[in-house]
1. Given the residues A:Asp56, A:Asp110, which is the only one that is in contact with a helix residue (DSSP H, G or I) (Cβ under 6 Å, 6 or more places away or on another chain) and surrounded by 15 or more Cβ atoms within 10 Å (Cβ to Cβ)?
2. Please verify whether region A:181-197 includes one or more residues that are within 28 Å of the chain's Cα centre (by Cα) and within 8 Å of chain B (Cβ to nearest Cβ).
3. In region A:248-260, how many residues are more than 7 Å from every other protein chain (Cβ to nearest Cβ) and surrounded by fewer than 22 Cβ atoms within 10 Å (Cβ to Cβ)?
4. Kindly list the number of the only condition in (1) within 21 Å of the chain's Cα centre (by Cα); (2) more than 16 Å from B:Ala84 (Cβ to Cβ) that fails for B:Phe190.
5. Kindly list the number of the only condition in (1) in a helix (DSSP H, G or I); (2) touching a helix residue (DSSP H, G or I) at 6+ places or on another chain (Cβ under 8 Å); (3) facing chain B (nearest Cβ under 9 Å) that fails for A:Ile74.
6. Going through A:Ala242, A:Ala225 one at a time, which residue ends up being without any contact (Cβ under 8 Å) to a residue 40 or more places away in the chain, facing chain B (nearest Cβ under 9 Å) and surrounded by 24 or more Cβ atoms within 10 Å (Cβ to Cβ)?
7. Got a sec? Which of A:Leu202, A:Leu213, A:Leu197 is crowded, with 21+ Cβ neighbours inside 10 Å and hydrophobic (A, V, I, L, M, F, W, C)?
8. Exactly one of these conditions fails for B:Asp111: (1) under 27 Å from A:Glu123 (Cα atoms); (2) modelled with pLDDT under 90. Give me its number.
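The values are calculated or read from the model by the stated rules, or taken from the named source; none is laboratory data. What you are looking at is a predicted structure, and each value in this text was computed from that prediction instead of being measured. Note that each Cβ is placed from the backbone with ideal geometry, even for glycine, and that neighbours are counted across all protein chains shown.
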Amino acid sequence: MKPRRRANLEPYLLLLPSLAYLAVFFAWPMVQAFGLAFRADDGRWTAEFFQRMIGDAAFWPALRTTLILVVTIIPLQFILALIMALLATAGLRGAGALIYFYALPIAVSDLAAGIVWFSIFTERGYLNTILQGLGLLERPFIFLQYGATWSLIAVILAEVWRATSIVFVILVAGLQGIPKEYHEAAEVFGAGWFARLRRITLPLLRPSIQVALILRTILAFQVFAVVVALTGDGVKVLASEAYQWYSQWRNLNVAAAYAALILAISLLSTVIYLRALRTRTEALTV
Amino acid sequence: MTARPAPPLSRRLSRVLVYLAAILVALYILAPIYLIAVMAFSPRAVVYGYPKPLLPTQISLETISFFINSYGILDSVKNSVLVAVFTLVISLAIGAPAGYALARYIFPGGDIYRILILSTRAFPVVILSIPLITTYISWGLDDSALGVALLHTAMALPTTILVTSSIFVGVSKDLEEAAMTMGCTRAGAFRRVALPLALPGLAASAIFTFMLSWNEVFAAAILTLQNQTLPARLIVQLNQSPIPFRFAGGFFILVPAIVFMLFARRYLFSLWGVKLR
């Protein structure tokens, strides 16, 4: 298990290609994004593109919606994922199949998830079919109306459906690492199920929870295809605005300003998590 | 699987409730997939119709063939496969050696490298496609499958490195050393002993990379104009498309992902769950 080969050049030669690759396709574009966002064509620094982004009518709604999505989706996902993880490790018969089903949406793209939930929420879709079939509705209700709260709820449900699996897998792995003896000992001392959940399971799951929180939050700030597939442009988010500015108006600079903003918010949230949860970078390991 | 002790109350009743909850959650996950499949295999008239059938009353390939024969779809599927294959080949070619180095050597800087790779997760990689547009134009990579694959590789590479490292940690080093005492060179021992043993894990890692690339929308849509991947093509024309096209398209991207998941299932936890040290 413990590597003990003497240090030589071999490992560095093996690492070099990956470092070079990440420098060219990861670090450099990151620097470039800020360059595009803050430098005019003649090379001087400017806040022009940033001001144009902020001045755009869609900016504040997009920022607001993105933040609303992050603060609603992530707590919902964690509650659901915890329930799923506890169910999957409860020693039920068919637990293998259960884990496979629960993990399935990991493989589902955000675009596919958007389309799947579109078939449910669209006016002539499944939800209206069922509600009307049960006699709860007189005629089909338009859930995905432009800018309506229901569109936002549809996006939240679709995202929770799609992206809870990754949290689930991380939590199950964490649960499997908790020694059974802890629970048995607690039970001997008379701790009930909830007491054990609160005093043993959750504290020992903390590293897994931190990992999942950071991963999911960064992905949530980039939410894009689910929103577009479900609502067209009825709901605006930061990533869809970045896409619009480039694909509709061919304005690379304002698109880059959005990219820089998403980057900044993501890094800020990671720093906050690391501070608040007092973990080291290693906790990012998945 | 750690079997948890059953809740203390009335054991049997709570057991039934736990099963019930487990099934309900499974239904929440599976029902939407089932419903889109029903739509994809219904004739177009049913797909347009209302109320929607909950059971597949008339099975037909009309909707799916309408989608596949739509202009540009087959080409975009070809592009998607091409991009995904490029991505998995490049990321394995670059990532596996690095993973092997992390697993087999102790060397100054190894930990820093590891932290560097881990910290890439704190960055929204997809956004990098926007600055890459200008770079690609000057390199002649704009609107090309290779260009998209290069960005997908940047997204997949950190995971590939960490996963291959954990795979090689799992392949006993003693076997390699035994091969070397019997006259294999270092490279020969790797090729004849470590590589075959690591192959299933590497395949799972490759499947993960393929899936990531097959599913990715934003970067693919930004970096291509004509040579779109399937998700890029779909997102561009989705909201102007007829309903059967959308449903069949959604189903079409869903299926390979689910099939892949079946193969990658055993490695689920080493890909996403396990802590690698």
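1. Details: A:Asp56 fails: in contact with a helix residue (DSSP H, G or I) (Cβ under 6 Å, 6 or more places away or on another chain).
Of the residues listed, the single one that is in contact with a helix residue (DSSP H, G or I) (Cβ under 6 Å, 6 or more places away or on another chain) and surrounded by 15 or more Cβ atoms within 10 Å (Cβ to Cβ) is A:Asp110.
2. Step one: list which residues in region A:181-197 are within 28 Å of the chain's Cα centre (by Cα), which gives A:197.
Filter once more, so that each one left must be within 8 Å of chain B (Cβ to nearest Cβ): none.
Within region A:181-197 (the criterion being within 28 Å of the chain's Cα centre (by Cα) and within 8 Å of chain B (Cβ to nearest Cβ)), the answer is no, since none of the residues qualifies.
3. To start, the set of residues in region A:248-260 that are more than 7 Å from every other protein chain (Cβ to nearest Cβ) comprises A:248-251, A:253-254, A:257-258, A:260.
So of that shortlist, the ones also surrounded by fewer than 22 Cβ atoms within 10 Å (Cβ to Cβ) come out as A:248-251.
Adding up the residues that qualify gives 4.
4. Only one criterion in (1) within 21 Å of the chain's Cα centre (by Cα); (2) more than 16 Å from B:Ala84 (Cβ to Cβ) is unmet by B:Phe190, namely (1).
5. So A:Ile74 meets the others, but not (3).
6. Values: A:Ala225 fails: without any contact (Cβ under 8 Å) to a residue 40 or more places away in the chain.
Among A:Ala242, A:Ala225, only A:Ala242 is without any contact (Cβ under 8 Å) to a residue 40 or more places away in the chain, facing chain B (nearest Cβ under 9 Å) and surrounded by 24 or more Cβ atoms within 10 Å (Cβ to Cβ).
7. Details: A:Leu202 fails: crowded, with 21+ Cβ neighbours inside 10 Å; A:Leu197 fails: crowded, with 21+ Cβ neighbours inside 10 Å.
Residue meeting the stated conditions: A:Leu213.
8. (1)
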